[in-house]
Each structure stands twice: as C-alpha cells, then as structure tokens.
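Shown next, in structure tokens, is the structure this report addresses.
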Amino acid sequence: MRQKLAAGNWKMNGTGPALVELQELAAAHRATRSEILICPPTPLIHRAAETVSGSPIAIGGQDCHVETSGAHTGDISAGMLLDAGASYVILGHSERREDHGESSETVRAKARTAIAAGLKVIICVGESLAQREAMNTLDIIAGQLSGSVPDVVTGENLVIAYEPIWAIGTGLVPSTEQIGEVHDFIRARLDRRFGEGVGGSVRLLYGGSVKPGNAAEIFAVSNVDGALVGGASLKATDFSPIIAALDTA
Ligand code: 13P
C-alpha cells in the first residue's frame, strides 16, 4: 500500500511569522494516516524543521543544485537542504523549467545528486494549455518522465507530481477523467521502465488549484496518491481540510 502524501509548496511565500501555520498543522494532524510535507522557502527550512520536530510533518526544499558544492553563488546543494532538516526536494517544477530554463536533462541530474545525498525527490511533469489543446499531453508527459527521472529511483525515494501548467494558480482544474488518464499513464510508464514492484510503489500526486472544495473528488481518482498544493498550503485553515480529505480517501 502506498502511503498518501499531502505536500505543500509555499513557493516564494513566507517569513518567520508563517511558522505559526506549521504549529497549527502539527497540532491538528497528530494522528494523520497520510504523510504531510511542507516545502517552505529555503531560509525557513531550518526553523520549519525545528517547529515540526516530533510531529508527522516532514520538510522539503523547492530545488537544489546539480553539483554537491562549489562556486555557484546563490545556489543551494542537496546536502545543505538535508543538513537544514529537509528530507524531500521538489525538482523540475514548471516555474523552474520556465523561469530558469531547466531542461529535463538538468532535472534528471539534480535528481541523481539529491538521491545520492539522501533526499527523496518529487519530480514535476505537466503540459501547457497549447500542448493539451494540440492533443499532445501524453507525449509531453512521456518525454518529461523519461528525460527527468534517473535510473537510481526506488518506490521510497521517488514521487511524481502531475501539474498541468494551465491549472497552476488559475482556479482551473482538469476533469477527473483527464487526471485519471494521465495518472494511469504515468503508472504504466513507471511499471514498464522499473518493473511493477518499483513502479507500483511510487506515489503520484496531482497539483494545480487543489482546494478544500475539490480535494475529495480529486483524491477519489485512480492512481492519485495525494496532492502537491501551492496557494492552499499557505494557511493551515486551507491545508487542514485537504489533509483530512486525503486521510479519508
Ligand atoms: P496552486 O495550488 O497554487 O495552483 O499551485 C500548484 C503548484 O504549483 C504546486 O507546486
């Protein structure tokens, strides 16, 4: 059985006062059946990890560098994330692919480095609206998967997040049929490449405008093992009902 995962990506939001949201989440979900993960901005990781210490909440980074150390001003290594208290890192988010020109090849190299350092990786894939309208969604996903996922993965160290770019921060959400089609496709691709033992244990998250009001419906879709949530993860009052919906899915 795959343990469900409710992951929050705070993106470039939050300073010290936001840690109170983590205290609230930790208090409200002591008996959660799902795994809970928050990926705050890097300067908050250490304090976030201390805040949730002893609770079921894990902390993750939002990116890391391909190299383990060196002359890369402003960048963060996988080992630094781990040292600060993170156990996960998000890689290949569409905002990084777009804003920083990250290719699938780069994402794959980062994933290899992060896994070698001892982090679990959440690799993001997803099509643009133009690609969906051109009926290219599954081809795009297949290419991103084969390009971004390294060979060294296991069911424990890999999570895939399907995040259609057009659904991120827009309030638009694919139909449950569309989500199911892509998640079933990702599962089949992982099974084929890694065998059903590994493929069947990788968790698949949906991301893109997940809210308290639509979470239960999304969590009922086949091969959806949780969510990667942006805006609605910033406040405990929004993220809590999403976690509760996952617990009962
Ligand atoms: P929203 O939940 O704000 O649409 O963001 C989704 C996302 O990009 C999570 O990584």
* Which numbered condition Gly79 misses (of (1) surrounded by 17 or more Cβ atoms within 10 Å (Cβ to Cβ); (2) over 13 Å from Ala117 (Cα atoms)) -> (2)
* To do: Would you mind listing the helices (runs of 4 or more DSSP H) fully within the stretch 1-84 where at least 1 residues are under 20 Å from Thr237 (Cα atoms), without any contact (Cβ under 8 Å) to a residue 60 or more places away in the chain and in contact with a Pro (Cβ under 6 Å, 6 or more places away or on another chain)?
  => 45-52
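Just give me the residues in the stretch 168-215 being of a type in the set (S, T, N, Q) and within 11 Å of the ligand (Cβ to nearest atom), in sequence order.
First, the residues of the stretch 168-215 that are of a type in the set (S, T, N, Q): 170, 175-176, 178, 201, 209, 214.
Passing the criteria: Thr170, Ser209, Asn214.
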* To do: Could you tell me whether Val149 is within 18 Å of Leu44 (Cβ to Cβ) and among the aliphatic types (A, V, I, L, M)?
  => no
* When both residues are 6+ apart or on different chains and their Cβ atoms are under 9 Å apart, which pairs have a first residue that lies in the stretch 223-243 and is more than 12 Å from Leu5 (Cβ to Cβ), and a second that is of a type in the set (Ser, Thr, Tyr) and not in a loop (DSSP other than H, G, I, E, B)? -> Phe239/Ser233
* Structure fact -> Expected output for the stretch 199-216 (first residue among the hydrophobic types (A, V, I, L, M, F, W, C) and assigned to a helix (DSSP H, G or I), partner within 15 Å of the ligand (Cβ to nearest atom) and at pLDDT 95 or above, Cβ below 8 Å, 6+ apart or cross-chain) is Ala215/Ala227; Ala215/Pro241; Ala215/Ile242; Ala215/Ala245; Ala215/Leu246; Ala216/Ala245
* Asked: Filter the stretch 167-178 for residues that are assigned to a helix (DSSP H, G or I) and touching a Pro at 6+ places or on another chain (Cβ under 9 Å); which is farthest from Arg203 (Cα to Cα)?
  -> Ala167
* **Those residues of the stretch 224-249 which are more than 22 Å from Pro40 (Cα to Cα) and either among the charged types (D, E, K, R) or within 15 Å of the chain's Cα centre (by Cα) (or both), in sequence order** => Val224, Asp247
* Structure fact -> Selection from the stretch 1-19 of residues on the phi < 0 side of the Ramachandran plot and within 16 Å of the ligand (Cβ to nearest atom) yields Leu5, Ala6, Ala7, Gly8, Asn9, Trp10, Met12, Asn13, Ala18
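Considering only the stretch 82-104, how many residues are closer than 15 Å to Pro41 by Cβ and more than 12 Å from the ligand (Cβ to nearest atom)? Walk me through it before giving the result.
Start the filter on the stretch 82-104 by keeping residues that are closer than 15 Å to Pro41 by Cβ, which leaves 84-86, 88-90, 93, 95-96, 99.
Still in the running and more than 12 Å from the ligand (Cβ to nearest atom): 84-86, 88-89, 99.
Qualifying residue count for the region: 6.
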* Asked: If the Cβ limit is 6 Å and pairs must be 6+ apart or interchain, which residue in the stretch 122-135 that is within 29 Å of Gly61 (Cβ to Cβ) pairs with which residue that is among the acidic types (Asp, Glu)?
  -> Cys124/Glu163; Gly126/Glu163
* To do: Determine if the stretch 29-39 includes at least one residue that is surrounded by fewer than 20 Cβ atoms within 10 Å (Cβ to Cβ) and of a type in the set (A, V, I, L, M, F, W, C).
  => yes
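Condition check ((1) within 28 Å of Met135 (Cβ to Cβ); (2) surrounded by fewer than 16 Cβ atoms within 10 Å (Cβ to Cβ); (3) within 16 Å of the ligand (Cβ to nearest atom)) across all residues:
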| position | (1), (2), (3) |
| --- | --- |
| Ile218 | yes, no, yes |
| Ala232 | no, no, yes |
| Ser240 | no, no, yes |
| Ala244 | no, no, no |
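Quickly run through the stretch 102-122 and pick out the residues that are of a type in the set (A, V, I, L, M, F, W, C), surrounded by 22 or more Cβ atoms within 10 Å (Cβ to Cβ) and not in a loop (DSSP other than H, G, I, E, B). Talk me through it step by step, then tell me what you get.
Narrowing the stretch 102-122 to residues of a type in the set (A, V, I, L, M, F, W, C): 107, 109, 111, 114-117, 119, 121-122.
Imposing the further condition that a residue be surrounded by 22 or more Cβ atoms within 10 Å (Cβ to Cβ) reduces the set to 107, 111, 114, 119, 121-122.
Scanning the stretch 102-122 gives Val107, Ala111, Ala114, Val121, Ile122.
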* Would you say Gln131 is at pLDDT 95 or above, within 15 Å of Ser94 (Cβ to Cβ), more than 16 Å from the ligand (Cβ to nearest atom) and surrounded by 14 or more Cβ atoms within 10 Å (Cβ to Cβ)? -> yes
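The values are calculated or read from the model by the stated rules, or taken from the named source; none is laboratory data. These figures come from a predicted structure and were not determined experimentally. Note that each Cβ is placed from the backbone with ideal geometry, even for glycine, and that neighbours are counted across all protein chains shown.
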